[in-house]
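Below is one structure, written out as structure tokens, with a few remarks after it.
Bear in mind these aren't lab numbers, they're just calculated from the coordinates by the rules spelled out. In this text the structure is predicted, and so the values were computed from the model without any measurement. Backbone-built Cβ (ideal geometry, glycine too); neighbour counts: all protein chains shown.
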Amino acid sequence: MWKFLIRRLIQALPLLLIVTIITFIIINLAPGDPVYMFVSPDQMDKANLDLVRRELGLDKPLHIRYLVWLGNVLRGDFGKSFFYQRPVMEVLLESLPNTLVLALSATIFSFAVAIPAGIISAIKRNTPIDYFFSTISFIGVSLPSFWFGLLLILFFSLRLGWFPTAGMQSLDVKGPVILDRLKYIVLPTIVLGMGSMASKMRYMRSSMLEVIRQDYVRTARAKGLSGFVVITKHALRNALLPVITLLGLIIPGLVGGAVIVESIFGWPGIGRIAITASFNRDYPLMMGNLMLTSTMVILGSLIADLLYAVADPRIKY
Amino acid sequence: MKSKSLLAVLALAAVLAAPLAAQQKQGGDLMFATFSDPLYFVPFMHADSASSDVLVNVFAPLLNYDKNLKIIPWVAESYQISPDGLTYTFKLRKGVLWHNGEEMTSNDVKVSYDLIRDPAVNSPRRTVFEAVSEITTPDRYTVVFKLSKVDGVLLNAFTTAYAVPASEIQKYDKTKLKESAFARAPIGNGPFMFEEWLTNQRVVLKRFDKYFDGPVGFDRYVYLNKGSQATALVATEKGETNRVFVPEAEVARMSAIPSLDVHRYVGNVFDAIIWNCKGEITSDVRVRQALSYAINKQAIVSGIYKGNGRPGVSSFIPGTPFYNAKAPNYAYDLAKAKQLLDEAGWKVGPDGIRVKNGKRMKLFMITNKGNIMREKILQYVQSAFKVVGVEVEAQILEWNTFLTKYVEVGRFDAYVGGFSTGLTADHQAFYHSEATPSGKGYLNRGKYANAEVDKLLEAIKATADTAKQAELAFKVQEIVGREVPYTFLINRTQAYAYNKKVKNVISYDLLGWYNAEKSYIE
């Protein structure tokens, strides 16, 4: 188990390295020039621009710049954000917890809905309730989140007044803090969790369908166990296996989806920072953000592998 | 007798103070729905509007504009310019307090403006004060600016909040002011004091009870970052927030909401077509004139901008003394357009598109993606030019690509762009032959060059006499009106929606919300 863990972590390093090389190249090939951020409009002569370019180290060839960046990162220095003029990690770590809270909340929501709904769909296959859940999941997969988000705001916030439109907390919190936060997190959670909930529901349904046809399930029934026990105790654990792998795979989706959801719902997370960084060609911040999210994705798939072992005793590392 | 005169003075003071004190109602929080976060709160380092929206309420400038755009003393109780235009003397009011309780003195002003002028600080305002050679402080309340040459627009620069408390700003490395603690928690002298800034969430300002210009209305002035414009509008519609910027496309809808008042005023912003004066087809003045006649500006104003603006006439904004109403303008006239194109040698070909020396009249026109209004203008122009036999290849490009790969390198025949301009007569950035991306400036992207215009523009900056400036500006507009480096399309109005509970809101053209510190919530 430990050996596996260490081997996987070592494997992750070259992967991370390749990811940084590719993105460094892409970021720098994109048109746009960050020096404009540093020079005021009336001082934009070529000499001034060149001076700033030199100060930022942008006058050197691409591969040298990459090596300088990598060297600094290995020493734990991610540089200073061009745009915010603050250390990259300070900017990111300030917003990361908010994104993680939202991602966790969306994950819990999607599992909490998808698993029971998938099971019911499988058991009641080809009945109206199965069609109902299938329709929900097809809609969920295809809804664009910016549109769906605005729709929820218009209906639940503006029309019904149940939830605040956007933000993470009230200016003056009345009552328990946790209740105040809950009010704000409900709508973004639904929008962010919707897509993965829908696909998980489909996975759950098909994997359950497969499992309930197995001999051991028939045996369990033959023993005279109640349908409920058969499903929850014997079938569910096996059926969950492919769904758990999804946990690792949804992390990129959550982080990517957060960019849009955070903007619509005014959520102060790293998705917002990522957008600002790329619009402003803030190279250090973009690279820092990328390191952070790709590490999260790699860790996510590692966690999924470990969860495999927990769910299925036949799998040993 | 003595006590009597004292009483009289007191009575007079009471009479003077009473109307103000009695009228100023207090209370409530102004909740401004925004969607972009400020960057840093050092008043002479910022260059973004989200930061300046906050700074105008935290800092009070030396001078201010009155509603007629006349410059009036503000934190300075008076100012004087020597007859030769080389010495500016400001007398500060006594008893103006910083939010930390210290009194504002001439030294604060000197230290602040010396920082702006210091190349090591790299303030975006540095060139504005290029003419200043020395700042002295003869006494606690007097600041003297010595100039090395006359600068006709320097006075206007003092209307933007600049001075900071010397004792605070000197704590920090002057080359790293953007990273300083001051940049996250500023100490000013304005009507509201800084309280809190949560990144991408909110900035909270609190009423400053010792503000020099009397009692302040709101308890708090809060900037709530709602993440996107759409959400900011909905939040205001719902009443969570009580002020929001309204884009042109939403003005009609927001105006129809009973709980809101939409205030509109003429902004110092305009959209224009920028012609490539070195372009193969567009270098011909007759072509630029002809195509200006081919555009129905009124259709753009009422059709695309839904009436939120006036047909564009000049870069000098109507309402300022520098706008020349008699300068050549181009009212919609297809006959003239066709005639000018014919004169220029472009004859209508077999497919309706004009041809000259075997070359089709095809223009490459661009604008930036994301501004729906400009995209629509480009579409309109494409169809309008077709009527006079000119084909347009239109492209809508991502902002950075647009700027660096096309506009800055002159890869266009014309582009649709938006500009904001100051209230001064200094328009070198638009027309000076050196104000090009490859030269000393950046706005003259069409590379317009006229030696006489250059001279006139320089003369405007070299005099402090407004009447003289206006005379010169009139001449500039006559020439550029004829030579058409720009075709002005629309002077846009700006709109803000306020909840009706926000009382005593006064907005003036070109100045916007004029009395934020005197408004209140009922």
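What to note about this one:
- Mean sequence separation of contacting Cα pairs (under 8 Å, at least six apart), scaled by the length of region B:267-417, corresponds to a relative contact order of 30 percent.
- Whole-number percent relative contact order across region A:89-311, with pairs defined as alpha carbons under 8 Å at least 6 apart: 28 percent
- Per-residue ³J(HN,Hα) for region B:352-368, Karplus 6.51 cos²θ - 1.76 cosθ + 1.60, θ = phi - 60°, Hz, x for Gly and Pro: x, 8, 6, 9, 9, 6, x, 9, 6, 7, 10, 9, 9, 10, 9, 7, 8
- Between 0 and 90°, nearest 10: helix A:177-211 axis offset from chain A longest Cα axis: 60 degrees
- Once the Cβ-Cβ distance of A:ILE64 and A:GLU90 is raised to the sixth power relative to R0 = 22 Å, the FRET efficiency obtained is 0.25.
- Angle of helix B:334-343 to the longest C-alpha principal axis of chain B, folded into 0 to 90 degrees and rounded to 10: 60°.
- For the set B:LYS67/B:LYS306; A:LYS174/B:LYS238; B:LYS94/B:LYS210; A:LYS174/B:LYS210; A:LYS183/B:LYS226; A:LYS80/B:LYS369, the pairs lying more than 21 angstrom apart at their alpha carbons are B:LYS67/B:LYS306; A:LYS174/B:LYS210; A:LYS80/B:LYS369.
- Legend: mean number of C-beta atoms from other chains within 10 angstrom of residue C-beta atoms, peptide B:397-403, equals 4.
- The coefficient of translational diffusion for region B:178-307, derived via Stokes-Einstein from the alpha carbon Kirkwood radius under 20 °C and 1.002 mPa s, stands at 111 µm²/s.
- Each Cα pair under 8 Å and six or more residues apart adds its sequence gap; the mean of these over the residue count of chain B is a relative contact order of 20 percent.
- Nearest-ten-degree value, helix B:229-238 long axis tilted from longest Cα axis of chain B: 50 degrees
- Average beta carbon contacts from partner chains per residue of A:270-277, 10 Å cutoff: 2
- Shielding of A:80-86 by partner chains, average beta-carbon count, 10 Å: 4
- Taking every DSSP bridge with both residues inside chain B, close to 80 percent are antiparallel.
- Here's the list of lysines a cross-link from A:LYS124 could span, going by alpha-carbon distance under 29 Å and ignoring same-chain residues fewer than 8 apart: A:LYS200, A:LYS223, A:LYS233.
- One decimal place: the segment A:ARG125-A:LEU307 gains 62.7 nm when fully extended, by the rule 0.36 nm per residue minus the C-alpha distance.
- Förster radius 35 Å - calculated FRET efficiency between B:SER52 and B:GLU134, Cβ distance, rounded to 0.05: 0.80
- For region B:72-78, putting each phi into the Karplus relation 6.51 cos²θ - 1.76 cosθ + 1.60 with θ = phi - 60° gives couplings of 10, x, 9, 6, 6, 7, 7 Hz, in residue order, rounded to whole numbers and with x for Gly and Pro.
- Around the amide H of B:PHE208, modelled in the peptide plane, lie the amide H atoms of B:PHE192, B:MET193, all under 5 Å away and 5 or more residues distant in sequence or on another chain.
- Kirkwood Rh in Å, taken over all unlike Cα pairs in chain A: 22.6 Å
- Angstrom value of the Kirkwood radius, inverse mean 1/r, which spans all Cα pairs in region B:318-475: 18.0 Å
- Loop trypsin sites (Lys or Arg not before Pro), region A:191-272, which have at most 11 other Cβ atoms in a 10 Å radius of their Cβ (DSSP): A:ARG213, A:LYS223
- Model label sites at B:GLU452 and B:ARG360, defined 7 Å from Cα along the beta-carbon direction, differ in position by 3.8 nm.
- Annotation: the antiparallel percentage among DSSP beta bridges lying fully within the protein assembly as shown is about 80.
- Simple label model, 7 Å out from Cα along Cβ direction - B:ILE506 to B:ARG184, nm: 3.9 nm
- Partner aspartates and glutamates for B:LYS518 [C-alpha distance under 14 Å; skip if fewer than 8 residues away on the same chain]: B:ASP29, B:ASP209, B:ASP213, B:ASP219
- Sequence-distant aspartates and glutamates (8 or more away, or on other chains) whose Cα lies within less than 13 Å of B:LYS110: B:ASP118, B:GLU134, B:ASP139
- A:LEU13-B:ALA394 pseudo-label distance in nm [points 7 Å out on the Cα-to-Cβ vector]: 5.6 nm
- Distant-in-sequence amide contacts of B:TYR65, defined by a placed amide H-H separation under 5 Å and a gap of 5 or more residues or a different chain, comprise B:ILE72.
- Measuring between their Cα centroids, region B:112-183 and region A:245-270 lie 44 Å from each other.
- Evaluated with a Cβ-only charge set (Lys, Arg +1; Asp, Glu -1), region B:267-493 carries a dipole of roughly 460 debye about its Cα centre, given to the nearest 20.
- Placing R0 at 22 angstrom, the Cβ-Cβ distance between A:LEU299 and A:LEU241 gives a FRET efficiency of 0.65 after rounding to 0.05.
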